[in-house]
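What follows is one structure encoded as structure tokens, with my remarks underneath.
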Amino acid sequence: LGVDLPKLSNCHLSQTSRMVKFSKAFALLAASAWQQLSNGFITGAPQRSRTSSYSQVLGARCPRLTPRFMSSEEATTESVSIESVAEELKEQKKTFDERMAQATSLADAEALRREYLGKKGPINSAMGYMRVLSNEDKPKLGAVVNEIKSEIENTVAERMQDLELREIEKQMETERLDVTMPGLTRSVSYGHRHPLSMTMEKAVDIFTRLGYDTVTECADSPEIETDYYCFEALNCPKDHPARDMQDTFYLTKDLELMLRTHTSSVQIRQLEKRKPPLRIVAPGRVFRRDDIDATHSLMFHQVEILAIEKKGELDLGCLKGTVEYFLKNMFGPDIQVRFRGSYFPFTEPSMEVDVFFRGKWLEVLGCGMVDPAVLEMAGVDPDEYSGFAAGFGVERFAMVIHGITDIREFTKNDIRFLEQFPHFYDDGVKSFLSGVPAALPPADARGESVPNPPVKSMKELEMRGDVVDGAKSEKKQKKKEKTPPAPAGNVDISRLDIRVGVITKAWEHEEADKLFCEEIDIGEDEPRQIASGLRAHYNVDDLVGQRVLVLANLKARKLIGFPSHGMVMCAVNEDGSKVEFVEPPEGAEIGERVMVEGFDGEPATENQVIKKKMLDAIFPDLKTNEDGIATYKGVPFSTNSGVCKAQRGLSNGKVS
């Protein structure tokens with residue numbers, strides 16, 4: 001080519017210039033070598049046929065039919081027929097159709113699609129002829145290639161759809177089940193009704209025989225209830241302390257939607273919907289935020305009744321007669337029933353009912369005459385109508401009747417537990433009350449014992465220790481019951497979760513002239529909102545930035561519409577005229593737990609602490625000493641930084 005490469009490499013040029021010149025030189029060398037090879041000028045190289053067929057090119061899967069460095073003059077000399085290209089493509093299409101028809105799976109079809117339509121397939125290879133065609137022939141070749149490509153794509157789609165259907169049919173055939181065949185079981189068993197279902201069904205049947213209508217429809221008995229139907233319409237305003245006993249799961253931040261705590265809300269909806277007189281029985285599921293143990297659950301079932309007639313037609317005697325009839329049908333005709341005065345916000349007078357069953361008195365339900373205020377809120381004239389209501393927990397009844405000692409057994413779905421109970425409720429209950437032993441469930445093939453075996457006789461109950469000595473007189477039994485129970489063991493200051501906090505925001509309650517509303521940081525993700533009755537002792541401007549002690553594991557409750565979650569610890573003198581914050585020491589970290597030496601137990605859950613018995617056992621021993629230091633049984637409140645004192649050193653006061 002007349003290029004002196006050594007001379008070129010030794011010339012005094014910049015590195016970039018040398019690279020450009022080398023590139024041009026090698027490009028010219030490559031083009032020349034291709035030209036000599038194609039014309040057979042290189043020694044020993046056979047002359048290439050200039051009329052090589054398109055099928056040879058497709059078979060080799062080489063789309064580069066025109067050399068990259070061929071000059072434009074040589075490219076125009078290549079003789080390529082559009083007709084021959086189209087014929088070769090049709091041959092390839094025919095071969096493709098035959099192979100696709102033989103495909104037996106989606107994987108085979110996908111492999112063929114990639115082989116013919118992929119980058120190295122015949123379709124893309126055919127496009128290599130574009131370089132040796134004139135501008136007039138290029139669109140013709142493109143039309144031929146696109147037509148064949150479209151036909152191949154359609155064939156692929158149809159075949160893959162057909163293969164997919166065949167695979168589904170094959171899977172359905174191999175996995176087919178004959179649903180008419182009996183299932184395989186360890187023993188001849190057709191299943192059993194759940195004890196809760198049987199207990200609820202029996203209770204509802206008793207009341208329906210008395211003329212009560214069953215209310216179970218979702219529209220009339222919703223499990224997601226409003227604050228109005230669950231509390232306010234039942235004579236429980238937002239600041240009523242009775243709400244603490246029925247703390248539930250709220251679904252909205254404004255505490256207006258919740259999971260219902262009782263089926264009493266159904267009574268209000270029926271009073272609004274139907275005109276008295278009416279008699280209804282409302283079974284259903286309810287929820288309360290409680291710790292799960294042997295006798296408590298966060299979800300359980302209730303059955304409630306409501307009877308409304310013209311005033312004077314239903315009285316307390318009618319209520320007692322209805323309750324006694326129901327209980328004797330549930331527990332047997334020989335049980336003893338007693339009524340005790342009690343309090344419910346929606347009935348007046350109110351009573352709790354006990355039965356003497358299996359040798360002991362058991363509380364089973366609550367009842368009372370409907371409070372006139374409840375009737376009035378439901379749009380019923382209390383001067384024209386009156387009535388009574390009663391309700392009970394289904395789990396409680398089932399545990400008493402069947403001798404079940406742990407409420408958690410109801411939700412474990414243990415077939416060995418469920419097999420103890422009859423197909424229908426009357427089978428087992430009647431045999432038990434009549435003294436006829438119930439049949440034992442079949443032995444477990446795994447050799448495991450059956451939990452809570454069925455009770456066959458009163459003698460067996462006595463051996464278990466569930467029944468007191470029958471020789472004891474009823475008088476002694478009553479005397480025993482009047483003895484107040486001792487406080488639960490291990491109830492001390494360690495059960496309270498007292499935290500160091502700081503008030504970040506404070507304002508006056510809009511509806512209560514004695515309350516402040518505060519936001520207090522106790523080291524949690526969000527500040528606590530707490531209402532405190534300090535308005536008579538502090539100015540609102542003095543509260544922001546005040547370091548305090550917060551009793552954190554109390555239930556959240558509404559105080560006149562304000563959701564309060566916790567309590568600020570204060571020292572109070574004997575007559576209540578002086579109130580001071582109990583302050584943490586300087587250096588105490590926000591969120592740090594306040595401890596009392598010698599009482600190092602774990603704090604209780606919110607549900608446990610809120611119980612009145614626990615508070616009554618702890619708070620009488622919370623006092624300030626002569627130096628104003630907060631103490632429990634004389635031992636100071638302390639953090640890692642020191643002891644906690646009343647703000648102004650109030651001595652010998654109560655801490656609450």
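The values are calculated or read from the model by the stated rules, or taken from the named source; none is laboratory data. Remember, predicted model here, so these are calculated numbers, not experimental data. So basically every Cβ, Gly included, is an ideal-geometry build from the backbone, and we count neighbours across all protein chains shown. Each accessible area value is taken on the protein alone, full model and side chains, heavy atoms only, with ligands, DNA and RNA left out. Shrake-Rupley method; radii C 1.70, N 1.55, O 1.52, S 1.80 Å.
Going by amide H atoms built from the backbone, whose H comes under 5 Å of the H on residue 357, apart from near neighbours?
362
Name the long-range amide H neighbours of residue 548: under 5 Å, sequence gap of 5 or more, or other chain; modelled H, no Pro or chain starts.
Long-range HN contacts for residue 548: 501, 502, 503.
Relative contact order (percent) for the stretch 264-330, with alpha-carbon contacts under 8 angstrom and 6 or more residues of separation? Intermediate values should be presented prior to the final figure.
Working: 58 pairs, mean separation 19.9, N = 67.
Once divided by the residue count of the stretch 264-330, the mean separation gives 30 percent.
Hey, what do the phi angles of the stretch 92-97 turn into as Karplus ³J(HN,Hα) couplings, whole Hz, using 6.51/-1.76/1.60 and θ = phi - 60°, x for Gly and Pro?
Working through the residues one at a time gives 5, 5, 5, 4, 4, 4 Hz.
How far, in nm, would the chain grow between residue 361 and residue 90 when pulled straight, counting 0.36 nm per residue and subtracting the alpha carbon separation?
Values: separation 271, 0.36 × 271 = 97.56 nm, distance 9.63 nm.
The residue 361-residue 90 span can extend by a further 87.9 nm.
Using Cα pairs under 8 angstrom and six or more residues apart, how large is the relative contact order of the stretch 286-393, in percent?
Numbers: 181 pairs, mean separation 33.0, N = 108.
That works out to 31 percent.
Residue by residue, what Karplus-based ³J(HN,Hα) values in Hz, rounded to whole numbers, does the stretch 232-240 have, using 6.51, -1.76 and 1.60 with θ = phi - 60° and x for Gly and Pro?
The phi angles translate into 4, 5, 9, 6, 10, x, 4, 9, 6 Hz.
For the pair residue 336 and residue 154, how long in nm is the line joining their label points, each one 7 Å along Cα→Cβ?
9.4 nm
Does the stretch 488-530 come out rounded, prolate or oblate, given a ≥ b ≥ c as the square roots of the eigenvalues of its C-alpha gyration tensor, rounded meaning a/c under 1.5 and, failing that, prolate meaning a/b above b/c? Mind dumping the intermediate values first?
Numbers: a/c = 3.79, a/b = 1.69, b/c = 2.25.
It comes out oblate by the Cα gyration axes.
Return the distance in nm (one decimal) between the two label points of a simple spin-label model at residue 137 and residue 240, each offset 7 Å from Cα along Cα→Cβ.
Spacing of the two 7 Å Cα→Cβ label points: 9.7 nm.
Can you run phi through the Karplus equation (6.51, -1.76, 1.60; θ = phi - 60°) for the stretch 360-366 and list ³J(HN,Hα) in whole Hz, with x for Gly and Pro?
Using θ = phi - 60°, the values come out as 8, 7, 10, 6, 10, 7, x Hz.
Shape call for the stretch 537-656 from the C-alpha gyration tensor, a ≥ b ≥ c root eigenvalues: rounded (a/c under 1.5), prolate (a/b greater than b/c) or oblate? The partial results should precede the final answer.
Values: a/c = 1.28, a/b = 1.07, b/c = 1.20.
The shape class here is rounded.
With a/c under 1.5 counting as rounded, go ahead and sort the stretch 287-374 into rounded, prolate or oblate using the C-alpha gyration tensor (a ≥ b ≥ c being the square roots of the eigenvalues; past the cut-off, prolate if a/b is larger than b/c, else oblate).
Values: a/c = 2.12, a/b = 1.21, b/c = 1.76.
Cα axes put the stretch 287-374 in the oblate bin.
Under unit Cβ charges (Lys, Arg +1; Asp, Glu -1), what dipole magnitude, rounded to 20 debye, does the stretch 249-380 have relative to its Cα centre?
Details: 18 positive and 18 negative charges, 75 e Å.
The calculated dipole for the stretch 249-380 is roughly 360 debye.
Calculate, for residue 593 and residue 505, the FRET efficiency according to 1/(1 + (r/R0)^6) with r their C-beta to C-beta distance and R0 30 Å; round to the nearest 0.05. Before the final figure, lay out the partial values.
Values: r = 23 Å, r/R0 = 0.78.
Efficiency, from the Cβ-Cβ distance: 0.80.
Where does each of 215, 544 land when they are ordered by accessible area, with a 1.4 Å probe and the largest first?
Numbers: 215 10, 544 85 Å².
Result, largest first: 544, 215.
Subtracting the Cα-Cα distance from 0.36 nm times the residue separation, let me have the gained length for residue 255 to residue 412 in nm, one decimal.
Working: separation 157, 0.36 × 157 = 56.52 nm, distance 3.16 nm.
Here the segment from residue 255 to residue 412 would lengthen by 53.4 nm.
Mind checking which of 335, 387, 375 is farthest towards the positive end of the stretch 317-422's charge dipole, using Cβ charges of +1 (Lys, Arg) and -1 (Asp, Glu) about the Cα centre?
Highest projection toward the positive end goes to 335.
When all protein chains stay in place, what accessible area (Å², nearest 10, 1.4 Å probe) is found for residue 558?
20 Å²
Give or take rounding to whole Å, what are the principal axis extents of the alpha carbon atoms in the stretch 101-185, in descending order?
That works out to 80, 18, 18 Å along the principal axes.
Quick check: pseudo-label points 7 Å beyond the Cα along Cα→Cβ at residue 120 and residue 311, how many nm apart are they?
Placing both labels 7 Å along Cα→Cβ, they lie 9.9 nm apart.
So who's got an amide H within less than 5 Å of the one on residue 286, skipping anything under 5 residues away but keeping other chains? H placed 1.01 Å off N, in plane.
Amide H neighbours of residue 286, under 5 Å, 5+ apart: 300, 301, 302.
Here is the link list: 275/311; 238/514; 93/119; 505/623; 558/633; 558/645. Which ones come out longer than 25 Å on Cα distance? Let's see the in-between values first.
Working: 275/311 14 Å; 238/514 17 Å; 93/119 17 Å; 505/623 28 Å; 558/633 32 Å; 558/645 29 Å.
Cα-Cα > 25 Å for 505/623; 558/633; 558/645; rest within.
For the modelled label position 7 Å from the Cα of residue 166 along Cα-to-Cβ, which residues of the stretch 97-133 have backbone nitrogen atoms closer than 16 Å?
Of the residues in the stretch 97-133, 97-113 have backbone N under 16 Å from the label point off residue 166.
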